[in-house]
Amino acid sequence: MIGGKTYEVDGRTRIGYLPEERGLYKKEHVIDAMVYFGVLKGMKRNVAKAWSLEFLERVKLTDKANVRLDKLSGGQQQKIQLGVTIMNNPQLLILDEPTKGFDPVNRRLLMDIIEDQKRGGTTVIFVTHQMDEVERLCDRILLLKDGKAAAYGTVNGVRKSHGGASMDDIFVRIYGEEDGDA
């Protein structure tokens, strides 16, 4: 559901997708890549550039605007990828392991940005193994095991159905320590 309506593939819904693996043009400079994607998303070049510079300031990468993407760390590239993902103010945001490999400071920064999107009315589909992120961001959760729903509902409802356990404990119960690779 987006804005209380069932989602239909009709080209009118703005979608942002952040894959687990980065999909940026690594030989391009940060600002050029961001502006390019902004224009592809229908933004005017000057608006895309202004938005990109503001985003770079927020994620403390202003000094990297004219650096090639392949010269950035993986975490810095992930920040740029998130910026590209949200720059058209998507109505539906699909994020696959957005904070994977981040230190606590940058992880919190990215979670704050994602939470801002949610507060702004964006529907967020969030794939993660970090249950503290689930508890912070998600209204409803679905834990899949062997392709089947092992737990589904509101975070509080799932916790209640598991005797008030933490989401970490529920995750371990569902996937079991013998699995090792949930």
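Laboratory data are not the source of any read-out in this text; all were calculated from the coordinates shown. Bear in mind that the values here come from a model prediction, so they are computed numbers and not experimental data. Quick reminder, even Gly has a Cβ in these numbers, built from the backbone with ideal geometry, and neighbours come from all protein chains shown.
Figures for the structure shown
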| item | result |
| --- | --- |
| Net charge, Gly120 excluded, C-beta distance under 14 Å - Lys, Arg +1, Asp, Glu -1 | 0 |
| Helix 104-119 axis, angle to the chain major axis (alpha carbon atoms, nearest 10°) | 90 |
| Positive dipole terminus of the chain, leading residue within Gly157, Val172, Phe102 (C-beta point charges) | Phe102 |
| On Cα atoms only, tilt of 30-40 relative to the major axis of the chain in degrees | 80 |
| Chain lengthening between Tyr17 and Tyr152 when straightened (0.36 nm per residue, less Cα-Cα) | 46.3 nm |
| Given [x] 1.13; [y] 1.02; [z] 1.20, the label whose value is Cα Rg over 2.2 N^0.38 Å derived from this model | [x] |
| Inter-centroid distance (Cα atoms) of the stretch 46-102 relative to the stretch 118-182, Å | 27 |
| Placed amide H near Leu144: partners under 5 Å, 5+ positions off or other chain | Ala150 |
| Sequence ranges 165-175, 141-151, ranked by mean other-Cβ count within 10 angstrom, highest first | 165-175, 141-151 |
| Unit charges on C-beta of K, R, D, E only; dipole of the stretch 130-182, Debye | 380 |
| Charge dipole (debye, nearest 20) of the chain; +1 at Cβ of Lys and Arg, -1 at Cβ of Asp and Glu | 880 |
| Highest to lowest packing among 35-44, 83-92, scored as the average C-beta count within 10 Å | 83-92, 35-44 |
| Angle between the chain longest axis and helix 45-58 axis [Cα atoms, degrees, rounded to 10] | 60 |
| Charge context of Gly38, other residues only, Cβ under 15 angstrom, K/R +1, D/E -1 | +2 |
| The stretch 130-182 - Rg and Dmax from Cα coordinates, angstrom | 10.4, 29 |
| Over 27 Å (Cα to Cα) - which of Lys64/Lys100; Lys41/Lys145; Lys44/Lys64; Lys79/Lys160 fall in this group | Lys41/Lys145; Lys79/Lys160 |
| Theoretical gain in end-to-end length, Asp168 to Asp96 [0.36 nm per residue, Cα-Cα removed] | 24.1 nm |
